[in-house]
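Undergrad: Would you mind keeping the following structure in view while I ask a few things?
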Amino acid sequence: MLQDGSTQLLCLTASSGVPLFTRGASKQLPFSVIGSLNGVHMFGGGQGALLSSCETEGGGKVVWKVFHDSVMLIAVSGGGSSGACSGAEMSRLQRLLENVWSCMVLVLGQDELVNLRNIERLKRDLRSCFCLIDQLLEEKHQGVLGNLTHCADSLVPPNPTPLQEALDGFAQAADSEFGCLFVHGRIVVATEKWWRLAPQEVVLLCALVRTLSASGSASCDYPVFLPQGSPTVAHRLLHFQLLPGADVCVLCGPTPSLQKAETELVGRLWSPLIETLRSCLAVGERCLPGSVPLRPDVLALLLINRETRRSVSCVQISSHHPLSDSSLSKSRCWELLELFYIFSISRYFTQDETLCGSPEESTQSSHTEDFLHGFSHQPQQCYLVTEDCKCYGFQTQQHQFFLLMLPSVPTFALRTVATQTLTDIISATAF
Amino acid sequence: MMARVTPGAFIVPDWHRCKDSKEYFNKIIQKKNRKNFGLLESPVMPPHAAVDTLDYKVFISGKSGVGKTALAARLAGLNIPSVHHETTGIQTTVVYWPVKLRENGRVLFFRLQLWDCGENALRRFDHLLPSCKEQVDAVLFLFSFTDRTSFQDLSNQMTKWTESTDCLVKVVVGTKFDLFMHCDVAERDVRKFQETWRLPVFHSGGEVSDRLGDVAPILNCLAENLWHQDCVRAGAAGRQQQHKTRTLP
Ligand SMILES: Nc1nc2c(ncn2[C@@H]2O[C@H](COP(=O)(O)OP(=O)(O)O)[C@@H](O)[C@H]2O)c(=O)[nH]1
Ligand SMILES: [Mg+2]
């Protein structure tokens, strides 16, 4: 139906199938196909059957989901090229639909989406969501995995304490309990209440801040609804670019005004930390401070803290590597890391969905369950050897850890290297 | 309404082309591109050449899709987004611009903070417009050369803004001038408008060049009119310390 590897998103009214918008894929599906996709779902509904996904002969996949009996989202993927197994691709699409719906609520609020009074107006208002939705559809977010893991991409600074204090003080001065500091689009520190937002909300807010930050704007006042915490009442997200690449945001009520917060609080409370912020910026995409040693044969890693729902990830490509004649590019490494994560959690490990708090999401882990039913136990470690790299993943009560290494690492040593690397990171950062 | 300022009456016109401006403009340029300053930063001159920085708030007005966000990015030398995404709240962009006063050769950095807010967001959320209007110093009124209604709506908008305050610099910018194949607004009409309202009108559009000449006319015009407005406000005494100056380093 579509080109390999591309994903198209359709949004229609659930009751009458009026198209609200389509995004993604350069070549749009013909209107007749869109009509049929809606029709076949409706037909199922009439027969008391809920159509949730299907696969075409060519490896294309379609996923349907109706939200609050009012809006239907359909994701269509051309399938194939990425090499992901079909179950993993299905869960990616299901996750995508959840995320897109959350984006729509974040920007427009649930009321407007559930009470469809004026379709034309809704269509126009929905355009406000495209920026975020397009970001979700874009395949390459190098170094940012939150949309997939529903964990907050983090950067561990060399010295978090003064930053935490400054952030707490700043949030308080702005009459807010929810504050967060970002460096290179990843969370450095956040207020305690921020971590009590639903993990999915945290990930969405991070995505929003990244788009604001990438636009180069100095400050923003964005109305946002929290899909789970406050779907019908808007809060204000105030965002400030302290330094290029270093952003702070707070969720506020009616006060203070953007101007007041900026002129009276930002300079006063953050100027003393300018050097600390610069040292965070210097950590760069490694996301781990220099005090954490990484073996040179490590290509990439993803570490998830299952309790705090935070993650750190990095790709380490040293071009003049003595051991490596590997021609893996940085972006290919990110892609492989992503694929290995999907592979592991869709086959062996569980994704901690229950913590997401959304009952709607429980359906999507069904693929995992189907597969796991074949086991009499819950796997805790897995490895994968490919031509490009060797991968090792394992989980503990507290962490999930995914490591990509050079093919030159002996397979029998993978487990030791992985365990040691995790120990090194945790003892240096307490992540 | 304030008397119209003749371009070049108060500041040295095209100063970015003069040799003596180089050390100042170098502070807003990094590797041939415009430098993006975070809120904690500002251009810093060596101690012997220190200059004052004057802070102004400029609101960008115009209907959805005319090119408000694109113009803000253009003036700041940022990447212009190629796809139109509705701005769903207030977004501000900071532009530093050095200016040389004519009368005494004094150099000043103008810090223009451009306030851009999506029209849909303004309509949906009541608190945004007051926030944009709070202590605003200037308004850029935008119309698009490819959309006649946006041009016809100008006077409407201008009246709306003049009612609330008369101490306001107003500048008009016609966007998408590069799309002359789709031009929907005649030069003649623009001239007529300019004469009626006695306001500066600029044309904008096309590829962003890394040269300053692209944005200099608009920024110089804003700076000059803001300076003049301050002089008028301060009773022709010139802009002294009483106005809000930057407190950041
Ligand atoms: N060719 C051309 N396109 C422009 C110009 N200004 C804006 N655009 C395009 O018009 C669309 C809307 O611009 P935008 O700044 O987002 O409009 P806003 O809604 O007023 O903020 C975008 O796709 C821009 O790329 C211009 O001067 N020339
Ligand atoms: Mg805009």
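Rule-based calculations on the coordinates, nothing more; no lab input. Model, not experiment: these values are computed from the prediction. Virtual Cβ from ideal backbone geometry, glycine too; neighbours counted across all protein chains shown.
Undergrad: Within region A:225-319, list the GluC sites (Glu not before Pro) lying in a DSSP loop whose Cβ has at most 16 other Cβ atoms in a 10 Å radius.
TA: A:307
Undergrad: Here's something else I'd like to know. For region A:8-109, what is Rg from Cα atoms divided by 2.2 N^0.38 Å, rounded to two decimals?
TA: 1.04
Undergrad: Once phi is turned into θ = phi - 60°, what whole-Hz ³J(HN,Hα) does the Karplus curve with 6.51, -1.76 and 1.60 give for every residue of region A:122-131, x standing for Gly and Pro?
TA: Along region A:122-131, the couplings run 4, 4, 5, 5, 4, 4, 5, 8, 4, 4 Hz.
Undergrad: I've got another one for you. Can you tally the net charge around residue B:150? Count Lys and Arg as +1, Asp and Glu as -1, for every other residue whose Cβ sits under 14 Å from the Cβ of residue B:150.
TA: Here the count lands on -1.
Undergrad: Also, I was wondering about something else. Test of understanding: ordering B:221, A:382, A:389 by Cβ neighbours within 10 Å, fewest first, what list do you get?
TA: Exposure proxy ranking, most exposed first: A:382, B:221, A:389.
Undergrad: List the lysines whose Cα lies under 21 Å from the Cα of residue B:19, skipping any in the same chain that are fewer than 8 positions away.
TA: By straight Cα distance, residue B:19 reaches B:27, B:31, B:32, B:35, B:100.
Undergrad: Give me a single rounded figure for A:206-216: the average over its residues of other chain Cβ atoms within 10 Å of their Cβ.
TA: Mean number of neighbouring Cβ atoms from other chains: 3.
Undergrad: If you find the alpha carbon centre of region A:100-116 and of region B:77-93, how far apart are they in angstrom?
TA: Between the Cα centre of region A:100-116 and that of region B:77-93, the gap is 22 Å.
Undergrad: Give me a comma-separated list of calculated 3J(HN,Hα) values for region A:336-345, in order, Karplus coefficients 6.51, -1.76, 1.60 applied at θ = phi - 60°, integers in Hz, x for any Gly or Pro.
TA: For region A:336-345, the Karplus-derived couplings read 5, 4, 4, 5, 5, 4, 4, 4, 5, 7 Hz, x marking Gly and Pro.
Undergrad: Would you compute the Debye intensity of region A:102-209 from its alpha-carbon atoms alone, equal scatterers and no solvent, and pass along log10 I(q)/I(0) at q = 0.10, 0.18, 0.20, 0.24 Å⁻¹ to two decimals?
TA: For the requested q values the scattering log ratios are -0.37, -0.96, -1.07, -1.27.
Undergrad: Test of the criteria: in region A:147-246, which GluC sites (Glu not before Pro) are in a DSSP loop and have at most 14 other Cβ atoms within 10 angstrom of their Cβ?
TA: Those satisfying the criteria are A:192.
Undergrad: Multiply the residue gap between residue A:329 and residue A:117 by 0.36 nm, knock off their C-alpha separation, and tell me the result in nm, one decimal place.
TA: Going from the current span to full extension adds 71.3 nm.
Undergrad: Another question about this same structure. Hey, what did region B:51-246 get for relative contact order, percent, Cα under 8 Å, at least 6 apart?
TA: 23 percent
Undergrad: Residue A:20's amide H: which non-local residues (gap 5+, or another chain) put their own amide H closer than 5 Å, with H modeled 1.01 Å from N in plane and none for Pro or chain starts?
TA: A:11, A:12, A:13
Undergrad: Which whole-percent values make up P(r) of chain B when all C-alpha to C-alpha distances are grouped in 5 Å steps starting at zero?
TA: 1, 6, 13, 18, 20, 18, 13, 7, 3, 1, 0
Undergrad: Calculate I(q)/I(0) for region A:157-286 by the Debye formula, one identical point scatterer on each C-alpha and no solvent, and give its log10 at q = 0.11, 0.13, 0.14, 0.21 Å⁻¹ to two decimals.
TA: -0.33, -0.47, -0.55, -1.32
Undergrad: Could you list log10 I(q)/I(0) for region B:38-115 at q = 0.16, 0.17, 0.22 Å⁻¹, which the Debye formula gives when each Cα is one point scatterer?
TA: Log10 I(q)/I(0), no solvent term: -0.69, -0.75, -1.04.
Undergrad: Can you pull the mean other chain C-beta count within 10 Å for peptide A:265-278?
TA: Per residue, the number of nearby Cβ atoms from other chains is 2 on average.
Undergrad: Taking the Cα centre as origin and putting +1 on Lys and Arg beta-carbons and -1 on Asp and Glu beta-carbons, what dipole magnitude results for the protein assembly as shown, to the nearest 20 debye?
TA: 1780 debye
Undergrad: Using the 10 angstrom Cβ neighbour count as an exposure proxy, how do A:111, B:126 rank, fewest first?
TA: If I rank by nearby Cβ atoms, fewest first, I get B:126, A:111.
Undergrad: Something else about it: Under a crude label model (7 Å from the Cα following the beta-carbon direction), how far is residue B:49 from residue A:260 in nanometres?
TA: About 4.0 nm, to one decimal.
Undergrad: From the helices alone, meaning DSSP H stretches of at least four residues, give me the mean residue ellipticity at 222 nm for chain B, per-run term -39500 (n - 2.57), in deg cm²/dmol to the nearest 500.
TA: Calculated from helices alone, the mean residue ellipticity at 222 nm is -8000 deg cm²/dmol.
Undergrad: Hey, another quick one. Pairwise over distinct Cα atoms, reciprocal of the mean inverse distance: report the Kirkwood radius of chain A in Å, one decimal place.
TA: 22.8 Å
Undergrad: Residue by residue through region A:41-46, which ³J(HN,Hα) values in whole Hz follow from phi under the Karplus form 6.51 cos²θ - 1.76 cosθ + 1.60 (θ = phi - 60°), with glycine and proline marked x?
TA: 5, 5, 4, x, x, x
Undergrad: Which of the GluC sites (Glu not before Pro) found in region B:113-193 are loop residues per DSSP with 15 or fewer other Cβ atoms within 10 Å of their Cβ?
TA: Here the sparse-neighbourhood loop sites are B:134.
Undergrad: Taking trypsin sites (Lys or Arg not before Pro) as candidate sites, keep only those in a DSSP loop with at most 15 other Cβ atoms within 10 Å, then name the longest stretch of chain A containing none of them.
TA: A:141-431
Undergrad: Next question. Can you give the Kirkwood hydrodynamic radius for region B:1-135, in Å, rounded to one decimal and based on Cα pairs?
TA: 16.8 Å
Undergrad: With loop defined by DSSP as not H, G, I, E or B, and exposure as at most 16 other Cβ atoms within 10 Å, which is the longest segment of chain B clear of exposed trypsin sites (Lys or Arg not before Pro)?
TA: B:107-197
Undergrad: Whole number please: convex hull volume per residue of the Cα set in region B:106-217, in Å³?
TA: Dividing the Cα hull volume of region B:106-217 by its residues yields 151 Å³.
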